[in-house]
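Only one structure is covered here, and it is reproduced in the block below.
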Amino acid sequence: MAKLRIAILGDGGWGTTLAILLTKKGYPVTLWGAFADYAKTMLKTRYNPKFLPGIKIPQQINITSNIKSAVTDKEIIVLAIPSQYTRATLKKISGLFAKKTIFLCVTKGVEVSSSRRMSEVIQAELGPVKLAVLSGPTIASEVAKEIPTTAVVASNNKQIRKIIQSVFSTKRFRVYTNPDVIGVELGGSLKNVIAIACGVSDGLGFGTNTKAAILTRGLAEISRLGKAMGAKPDTLSGISELGDLVTTCISKQSRNRSVGELIGKGKSLKEIYRNMQMVAEGVPTAKSAYALSLKYRIDMPITREVYRVLYKNKSPAQAVNDLMTRKSKEE
């Protein structure tokens, strides 16, 4: 039986890792990047030095910056583009794919301009396409090195969930299914904001007690918002939320935690961005999450303080003080 043809849009660390994983399973994969010069470098050297250093890219992977050729005649299109650039990329591929094509979004973010989840952005631009989302505690370099990892695929369509589960599962990458698209997307996106808070804690020199407090209370406020938006409680205590939250908040490789740590040490966001190659999704998502908390009237104090530190020039020390001295309440 012929293998499904797959396009991965986004040549960052995660997109490249998934391209490698699928190629090792025998799938014909095309990896698209927005910048022609960088795509040519990857094609020539078979390495992605900016986003996945030290990992060899198999010769079988077709690397291109031509988005039309990337998506034409593909059965699965994987979207691994930073959240704030997803809509513009979708506009470029409208009408270039077949009706049977399955779209899999692996981006963890919320669009700032609309406060929409990525699946909502996809449907707004492309219509009622076949759609799934993949999320979980999936640090790209660990997956690329075949370190045991779990993830979850969510879709309203059971058949699509099963197809994606079968295509992506390996002996070292275990994929679960879940019908709760809202919960999986929110969990994967909002945990990045809490990871920034954990990084700030690290930068200020605080300890394990503080990080445990941020993790547990962060999970509580994400769960409150998730419930208001229609997510299922079980999803928010599963792989895509609790699992990803723990990983992102403690890993030294977490971009969001690292951004928070630098802020805690006194660096400005502008300084951090100047020296950063990869996108830290938690930075724009903090703005989106804060907007959602106001829209749904959900108290999200940690998210609120991260937003104020990032966008209102509030000092991290003052944010900590304000969190700790709020009015006493029940857990």
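The values are calculated or read from the model by the stated rules, or taken from the named source; none is laboratory data. Note that the coordinates shown come from a computational prediction; the quantities given were computed from them, not determined experimentally. Note that each Cβ is placed from the backbone with ideal geometry, even for glycine, and that neighbours are counted across all protein chains shown.
Taking the criterion of being over 22 Å from the mean Cα position of the chain (by Cα) and either more than 18 Å from Val71 (Cα to Cα) or modelled with pLDDT under 95 (or both), the residues of region 1-37 that qualify are Met1, Ala2, Lys3, Lys24, Lys25, Gly26, Asp37.
Within region 316-331, being among the hydroxyl-bearing types (Ser, Thr, Tyr) and either closer than 17 Å to Ala197 by Cβ or in a helix (DSSP H, G or I) (or both) holds for one residue alone: Thr325. Of the residues making up region 101-115, those that are touching a strand residue (DSSP E or B) at 6+ places or on another chain (Cβ under 7 Å) and not β-branched (Val, Ile, Thr) are Phe103, Leu104, Cys105, Lys108.
Scanning region 224-237 for residues being surrounded by 21 or more Cβ atoms within 10 Å (Cβ to Cβ) and either in contact with a strand residue (DSSP E or B) (Cβ under 7 Å, 6 or more places away or on another chain) or at pLDDT 95 or above (or both) gives a total of 4. Looking across region 232-265, just one residue is in contact with a Gly (Cβ under 8 Å, 6 or more places away or on another chain), in a loop (DSSP other than H, G, I, E, B) and without any contact (Cβ under 8 Å) to a residue 60 or more places away in the chain, and that is Lys232.
Across region 262-278, a minimum of one residue is classified as touching a helix residue (DSSP H, G or I) at 6+ places or on another chain (Cβ under 8 Å), modelled with pLDDT of 95 or more and surrounded by 22 or more Cβ atoms within 10 Å (Cβ to Cβ).
Residues in region 148-167 that are under 16 Å from Val78 (Cβ atoms) and among the hydroxyl-bearing types (Ser, Thr, Tyr) were compared, and the one that is surrounded by the fewest Cβ atoms within 10 Å (Cβ to Cβ) is Ser166. Quick one: which residue in Ser166, Ser189 is farther than 10 Å from Val152 by Cα, at pLDDT 95 or above and more than 17 Å from the chain's Cα centre (by Cα)? One residue alone meets the criteria, Ser166. Glu120 falls short of the stated requirement of being assigned to a helix (DSSP H, G or I), over 27 Å from Lys24 (Cα atoms) and touching a residue at least 24 places away in the same chain (Cβ under 8 Å).
Listed by position, the helices (runs of 4 or more DSSP H) contained in region 29-102 that have at least 1 residues being within 29 Å of Ile160 (Cβ to Cβ) and free of Cβ contacts under 8 Å to residues at least 12 places away in the same chain are 83-93.
Close Cβ contacts (under 9 Å, 6 or more residues apart or on different chains) running from residues in region 304-331 that are among the aromatic types (Phe, Trp, Tyr) to residues that are surrounded by 11 or more Cβ atoms within 10 Å (Cβ to Cβ) and modelled with pLDDT under 95 comprise Tyr311/Leu269.
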